[in-house]
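In what follows, a single structure is set out as structure tokens and then discussed.
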Amino acid sequence: MSKNVQDIIALIKEHNVKMVDFKMVDINGQYRHVTIPAENFSEETMKYGIGFDASNYGYAVVEKSDMVFIPDPDTAMLDPFCTIPTLTMTGNAMIIDTPENRPLPQYPRNIVLAAEKYMQDLGIADTMLILPEFEFYLFDNVAWQVSGSEIGHTIDAKQSYWNSATEGLGVVVPKQKNYHIAKPFDTSYECRSEMVMHMLDAGIEINYHHPEVAASGQYEIEPQLGKMSTMADNTMMIKYIIHNTALKYGKSATFMPKPVYGEAGSGMHVHMLLLKDGVPVFSDDNGYAHLSETAHYFMGGLLKHIDSLCAITNPSTNSFKRLVPGFEAPVTVGYATSNRSAVIRIPAYAKSPDKRRFELRNPDATCNPYFCYAAILMAGLDGIKNKIDPHANGWGPYDMNLYHLSDEEKAKLSHLPTRLEDALDALEADHDYLTAGGVFPEELIKNLIKTKRAECSEMSKIPHPAEFDKYYNL
């Protein structure tokens, strides 16, 4: 049930709330926040919002940068990480140029809402359900230094194989052998269970949590399928909960795609399906893997635009250190059933018509989730509009382990970009599917490309410790 101002005021009184916190999202997908005393919260707060400077959030806007943040009462929850009782909400950014204001087109939450409306206007579906899988590492210690005299980093997870000589009790996990490992080797079980309890309290339904493959502290938490715009909000809150709960247990959480050399990387595989009037659009008993023609066209759109999508779904230089063969990360542009080496995997266990779906395996959680989910939807809708058949285009189905093909056979396949620079080149050349219906403003795409190119340039100038190993004594 939707909440209104009176519901929020009642929550404040019921829980003796002292502060009301407003969480906003910057261009990189990080929370920023502003807090007011609870006694200052009123109907005017919900109507006129809180002013902020959009330029400090990374948005290069043509309009004046003074914006107003309008809270969404449906997102209200008690913040479990504040000692002082605090109610928190997210919401939308608005441009102050009319009595009613209007949405800032570049604000992430507005973009994901615009993508949903575009889908509904096309008549293809009225709801997109998604399920992102959250893989992350928990370290007991992390430190880094980037300066003229020292460049490097150190990390530690007590149960990692590299501590076999010093751990003292032999509670160590062999390299790449952490998947579903039980206690005593699962040293962060209570921490993750508390994370899940906070998520449930926040109204986020969870399927499960478990240790992932990498022995050096990799784990996964998987929510249940949810509406795309709601799941974008939930993604922000899930990451917030994971980071803050980890700190409570003396650990550091990271969603970096490849923080440990030689261990599995962390992705954010995104499962998806469409509904129209409650009926699954992707289900067909007679189709390949029980998926409909519409589902195949959606996959075709994703595969056609995958290079440019990577600039949004994998927006860090570190992202492409994960997208390499040998670690169950996708490297091949194609689709298949139960095949983790293709960029689109159709889970064989999703047998009921209302659960039939596929997952896009390349995204990682360094992305801005609002941009990521909206871009995925826009690519899929383009595939449906233009009837892009993935089979006719030679993208599968690849029902074999693509890692085990000969070099000659691999050369016939298309592969994901290997550098962020290549993905940005693709986005520059291929983004009409994103701007369709005015969902992604052209200015935002240009700004993203410019910002990320500067980031790539900066990273390319920093000597890497491994370069000393290779070249110091030549």
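Observations, loosely collected:
- Condition check for Tyr433: under 22 Å from Val112 (Cα atoms) and either at pLDDT 90 or above or touching a Phe, Trp or Tyr at 6+ places or on another chain (Cβ under 6 Å) (or both): yes
- Within the option set Phe81, Phe22, Phe52, being closer than 30 Å to Met256 by Cα, touching a helix residue (DSSP H, G or I) at 6+ places or on another chain (Cβ under 6 Å) and aromatic (Phe, Trp, Tyr) holds for one residue only, Phe81.
- Condition check for Ala232: buried (at least 18 other Cβ atoms within 10 Å of the Cβ), at pLDDT 95 or above, small (Gly, Ala, Ser) and out of contact with any His (no Cβ under 6 Å at 6 or more places or on another chain): yes
- Qualifying positions in the range 192-219 - of a type in the set (A, V, I, L, M, F, W, C) and either more than 21 Å from Asn163 (Cα to Cα) or outside the structural domain of Ser160 (by TED's automatic domain parsing) (or both): Met195, Val196, Met197, Met199, Leu200, Ala202, Ile204, Ile206
- Those strands (runs of 3 or more DSSP E) of the range 311-369 in which at least 3 residues are under 18 Å from Ala379 (Cα atoms) and within 19 Å of the chain's Cα centre (by Cα), considering only elements entirely within it, cover 342-346, 358-360.
- Condition check for Arg322: of a type in the set (D, E, K, R) and either free of Cβ contacts under 8 Å to residues at least 60 places away in the same chain or out of contact with any Ser or Thr (no Cβ under 9 Å at 6 or more places or on another chain) (or both): no
- Residue within the range 401-411 that is surrounded by 17 or more Cβ atoms within 10 Å (Cβ to Cβ) and within 20 Å of Leu303 (Cβ to Cβ) present: yes
- Considering residues of the range 286-310 that are farther than 18 Å from Phe371 by Cβ and under 21 Å from the mean Cα position of the chain (by Cα) only, the residue surrounded by the fewest Cβ atoms within 10 Å (Cβ to Cβ): Lys304
So that you can scan it fast, the table gives a plain yes or no per residue for (1) outside the structural domain of Ile238 (by TED's automatic domain parsing); (2) surrounded by 18 or more Cβ atoms within 10 Å (Cβ to Cβ); (3) without any contact (Cβ under 8 Å) to a residue 40 or more places away in the chain:
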{"site": "Leu78", "(1), (2), (3)": "yes, no, no"}
{"site": "Met89", "(1), (2), (3)": "yes, yes, no"}
{"site": "Asn92", "(1), (2), (3)": "yes, yes, yes"}
{"site": "Ala115", "(1), (2), (3)": "yes, yes, no"}
{"site": "Tyr118", "(1), (2), (3)": "yes, yes, no"}
{"site": "Ser147", "(1), (2), (3)": "no, no, yes"}
{"site": "Asp156", "(1), (2), (3)": "no, no, yes"}
{"site": "Ala165", "(1), (2), (3)": "no, no, yes"}
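- Some residue of the range 393-404 being more than 16 Å from Leu448 (Cβ to Cβ), without any contact (Cβ under 8 Å) to a residue 12 or more places away in the chain and assigned to a helix (DSSP H, G or I): yes
- Top-ranked residue of the range 370-392 - restricted to ones that are of a type in the set (A, V, I, L, M) and within 13 Å of the chain's Cα centre (by Cα), ranked as surrounded by the fewest Cβ atoms within 10 Å (Cβ to Cβ): Ile376
- Residue list for the range 258-281, restricted to those being surrounded by 20 or more Cβ atoms within 10 Å (Cβ to Cβ) and either farther than 24 Å from Met378 by Cα or basic (Lys, Arg) (or both): Lys258, Pro259, Val260, Glu263, Ala264, Gly265, Ser266
- Near pairs, Cβ below 9 angstrom, 6+ apart or cross-chain, from the range 240-254 (within 18 Å of Arg32 (Cβ to Cβ)) to any residue that is in a helix (DSSP H, G or I) and β-branched (Val, Ile, Thr): Ile241/Val196
- Number of the condition not met by Thr98 [criteria: (1) part of a strand (DSSP E or B); (2) at pLDDT below 95]: (1)
- Taken as a whole, the structure places Ile241 among residues that are in contact with a His (Cβ under 8 Å, 6 or more places away or on another chain) and not assigned by TED's automatic domain parsing to the domain that holds Lys117.
- Within the range 414-429, one or more residues are loosely packed, with under 13 Cβ neighbours inside 10 Å and under 30 Å from Gly334 (Cβ atoms).
- Residue match in the range 31-43 (condition: out of contact with any strand residue (DSSP E or B) (no Cβ under 7 Å at 6 or more places or on another chain), at pLDDT below 95 and not acidic (Asp, Glu)): yes
- Failed item, numbered, when Val142 is tested on (1) surrounded by fewer than 19 Cβ atoms within 10 Å (Cβ to Cβ); (2) farther than 22 Å from Ala365 by Cα; (3) in contact (Cβ under 8 Å) with a residue 24 or more places away in the chain; (4) among the aliphatic types (A, V, I, L, M): (2)
- Residue match in the range 460-471 (condition: in contact (Cβ under 8 Å) with a residue 24 or more places away in the chain and basic (Lys, Arg)): no
The values are calculated or read from the model by the stated rules, or taken from the named source; none is laboratory data. Remember, it's a predicted structure, so these values are computed and weren't measured experimentally. Cβ sites come from the backbone with ideal geometry, for glycine too, and all protein chains shown count toward neighbours.
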